[in-house]
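Read through the structure below, which is laid out as structure tokens, and then see the notes.
The values are calculated or read from the model by the stated rules, or taken from the named source; none is laboratory data. From a predicted model like this one, the values you see are computed outputs, not experimental measurements. Cβ atoms come from the backbone with ideal geometry, glycine included; neighbour counts cover every protein chain shown. Areas reflect the complete protein model, heavy atoms only, side chains present, ligands, DNA and RNA absent. Shrake-Rupley method; radii C 1.70, N 1.55, O 1.52, S 1.80 Å.
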Amino acid sequence: MLNATLKHGQNGSAYLELSFSPSLEFVSLVRRLVAAISEQVLTDPDLISRIGLATHELLENAVKYSVDGETTVYLEVAGAEQPQVVTVRTRNRGSADHASSLARNIDEISAARDPTAFFQTLMQRASRSGKPGGLGLGRIAAEAEMRLSCVRDGDVVEVAARTLEAR
Amino acid sequence: MSDVAAFTHRDTEFSAIGQDSGDGLVLELAGTADARAVEPLGRVLAALHRHAIANKSRTVTIDFRHAEFMNSSCFKAFVMWITAVQDEPPDRQYKMTFLSNPQFHWQRRSLHALACFAADLISLDSAS
């Protein structure tokens with residue numbers, strides 16, 4: 001089951017909300033859908049690609065660690081502001097352990113002065129430990145050039161990636 | 001070129017086709033390397049590495065030109081492969097060339113990150 005809400009404002013804004021039962025098979029489909037909608041309101045193909053990358057990485061995390069039947073992804077393009085603010089968010093219920101690990105990873109990535117250099121550190125760690133260790137989140141910061149944040153409300157975890165750059 | 005089954009995978013979303021031309025190994029990737037591709041990609045890269053070492057290959061080319069997308073887990077599979085090459089004695093290490101497609105924007109940053117991870121072993125070549 002996949003439920004979608006799409007709003008497209010006259011000022012170039014767009015809002016997409018997709019809720020679906022966790023399925024890794026849906027993730028690439030949703031990435032393509034988010035990219036297709038982004039193309040309607042954004043003109044920079046590089047930015048659209050970065051939004052797709054962030055959507056995919058956040059969504060795979062959310063689907064992997066969701067403890068119940070639902071994951072929601074939001075895409076918000078605020079058209080009235082210049083430069084446009086583009087935000088990708090995921091929301092799901094998760095275990096306390098996973099939420100704590102996620103928050104630690106995001107805090108560490110956010111504290112890094114150079115996300116690209118820190119991504120190399122994460123690659124080194126992954127190569128030696130064999131564990132992911134936030135590689136997908138580091139990729140959002142380094143390659144998608146988006147800022148990460150995480151909010152927890154009980155067992156609900158919401159992770160956001162936001163860029164202030166839009167062309 | 002002869003197709004090398006040990007480092008070849010094909011499904012509806014993703015394929016990794018290995019070939020040994022005699023001059024060097026080539027792995028052509030196509031489609032979407034998402035969570036479903038992690039296991040086959042890891043297996044293909046491990047087999048490719050074993051073949052390269054056994055045959056004393058000097059170069060391995062990864063052709064990403066038809067790779068629409070790659071997630072971080074598949075990206076990590078490349079990190080692990082590169083690390084395996086780095087862990088070989090210097091005389092057994094081989095060079096890696098990544099062919100990219102500028103139309104797939106994710107490749108510019110992702111392949112650059114991989115190249116920086118092993119700058120002495122990896123070169124990038126963009127499709128014209």
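For the subset of segment A:128-146 comprising residues that are free of Cβ contacts under 8 Å to residues at least 24 places away in the same chain and assigned to a helix (DSSP H, G or I), which member is farthest from the other protein chains (Cβ to nearest Cβ)? Write out each step before concluding.
Within segment A:128-146, the first condition is being free of Cβ contacts under 8 Å to residues at least 24 places away in the same chain, and the residues that meet it are A:128-132, A:135.
Checking the rest, the ones that are also assigned to a helix (DSSP H, G or I) come to A:128-129, A:135.
On the way: A:128: 8, A:129: 11, A:135: 5 Å.
Among those residues, the one meeting the criterion is A:129.
Within segment B:94-128, being at pLDDT below 95 and of a type in the set (A, V, I, L, M, F, W, C) holds for one residue alone: B:127.
Quick check: anything in segment A:142-154 of a type outside the set (D, E, K, R), under 15 Å from residue A:88 (Cβ atoms) and open to solvent by 80 Å² or more (accessible area, probe 1.4 Å)?
From segment A:142-154, those of a type outside the set (D, E, K, R) are A:142, A:144, A:146, A:148-151, A:154; that's our starting set.
From what's left, under 15 Å from residue A:88 (Cβ atoms): A:144, A:146, A:148-151.
Next cut, open to solvent by 80 Å² or more (accessible area, probe 1.4 Å) only: A:151.
For segment A:142-154, residues of a type outside the set (D, E, K, R), under 15 Å from residue A:88 (Cβ atoms) and open to solvent by 80 Å² or more (accessible area, probe 1.4 Å): present.
When restricted to residues that are within 8 Å of chain B (Cβ to nearest Cβ) and surrounded by fewer than 18 Cβ atoms within 10 Å (Cβ to Cβ), segment A:32-63 contains 2.
The one condition from (1) open to solvent by less than 50 Å² (accessible area, probe 1.4 Å); (2) out of contact with any strand residue (DSSP E or B) (no Cβ under 8 Å at 6 or more places or on another chain); (3) over 30 Å from residue A:30 (Cβ atoms) that residue B:122 does not meet is (2). If a residue must be open to solvent by less than 40 Å² (accessible area, probe 1.4 Å) and over 18 Å from residue A:28 (Cα atoms), how many such residues does segment A:70-91 contain? Final tally of qualifying residues: 7. Given the condition under 17 Å from residue B:113 (Cα atoms), at the interface with another protein chain (Cβ under 9 Å from one of its Cβ atoms) and under 13 Å from the mean Cα position of the chain (by Cα), answer yes or no: does some residue in segment A:113-127 qualify? Checked segment A:113-127: no residue is under 17 Å from residue B:113 (Cα atoms), at the interface with another protein chain (Cβ under 9 Å from one of its Cβ atoms) and under 13 Å from the mean Cα position of the chain (by Cα).
Collect the residues in segment B:102-112 that are open to solvent by 30 Å² or more (accessible area, probe 1.4 Å) and either hydroxyl-bearing (Ser, Thr, Tyr) or not in a helix (DSSP H, G or I) (or both), keeping them in residue-number order. Quick ask: steps written out before the conclusion?
At the first step, the residues of segment B:102-112 found to be open to solvent by 30 Å² or more (accessible area, probe 1.4 Å) are B:102-105, B:108-109, B:112.
Across segment B:102-112, the qualifying residues are B:102, B:103, B:104, B:105.
Among the residues of segment B:1-44, those identified as open to solvent by 70 Å² or more (accessible area, probe 1.4 Å), among the acidic types (Asp, Glu) and part of a strand (DSSP E or B) are B:3, B:28. Restricting B:31, B:22 to those that are modelled with pLDDT of 95 or more and either more than 18 Å from residue B:123 (Cβ to Cβ) or in contact with a His (Cβ under 9 Å, 6 or more places away or on another chain) (or both) reduces the list to B:31.
Only a single criterion out of (1) under 14 Å from the mean Cα position of the chain (by Cα); (2) open to solvent by 10 Å² or more (accessible area, probe 1.4 Å); (3) away from chain A (no Cβ under 14 Å) is not satisfied by residue B:92, namely (1).
Before we move on, is residue A:75 under 11 Å from the mean Cα position of the chain (by Cα) and at pLDDT below 95? Don't jump to the end; show me each part of the working.
Details: under 11 Å from the mean Cα position of the chain (by Cα): yes; at pLDDT below 95: yes.
Criteria met by residue A:75.
When residues of segment B:78-89 are filtered for being facing chain A (nearest Cβ under 10 Å) and either open to solvent by 40 Å² or more (accessible area, probe 1.4 Å) or free of Cβ contacts under 8 Å to residues at least 40 places away in the same chain (or both), how many remain? Residues in segment B:78-89 being facing chain A (nearest Cβ under 10 Å) and either open to solvent by 40 Å² or more (accessible area, probe 1.4 Å) or free of Cβ contacts under 8 Å to residues at least 40 places away in the same chain (or both): 8 in total. Taken together, the criteria exclude residue B:115 from residues that are in a helix (DSSP H, G or I), in contact with a His (Cβ under 6 Å, 6 or more places away or on another chain), within 14 Å of another protein chain (Cβ to nearest Cβ) and over 13 Å from residue A:143 (Cβ atoms). Tell me, yes or no, whether segment A:80-97 has at least one residue that is more than 26 Å from residue A:33 (Cβ to Cβ), among the small types (Gly, Ala, Ser) and either in a helix (DSSP H, G or I) or in contact with a Pro (Cβ under 9 Å, 6 or more places away or on another chain) (or both). Yes, there is a match, as at least one residue in segment A:80-97 is more than 26 Å from residue A:33 (Cβ to Cβ), among the small types (Gly, Ala, Ser) and either in a helix (DSSP H, G or I) or in contact with a Pro (Cβ under 9 Å, 6 or more places away or on another chain) (or both). Residues in segment A:19-31 that are surrounded by 16 or more Cβ atoms within 10 Å (Cβ to Cβ) and at the interface with chain B (Cβ under 9 Å from one of its Cβ atoms): A:27, A:28, A:31.
Inclusion of residue B:69 among residues that are hydrophobic (A, V, I, L, M, F, W, C), in contact with a Leu (Cβ under 9 Å, 6 or more places away or on another chain), outside any helix (DSSP H, G or I) and at the interface with chain A (Cβ under 10 Å from one of its Cβ atoms) is warranted.
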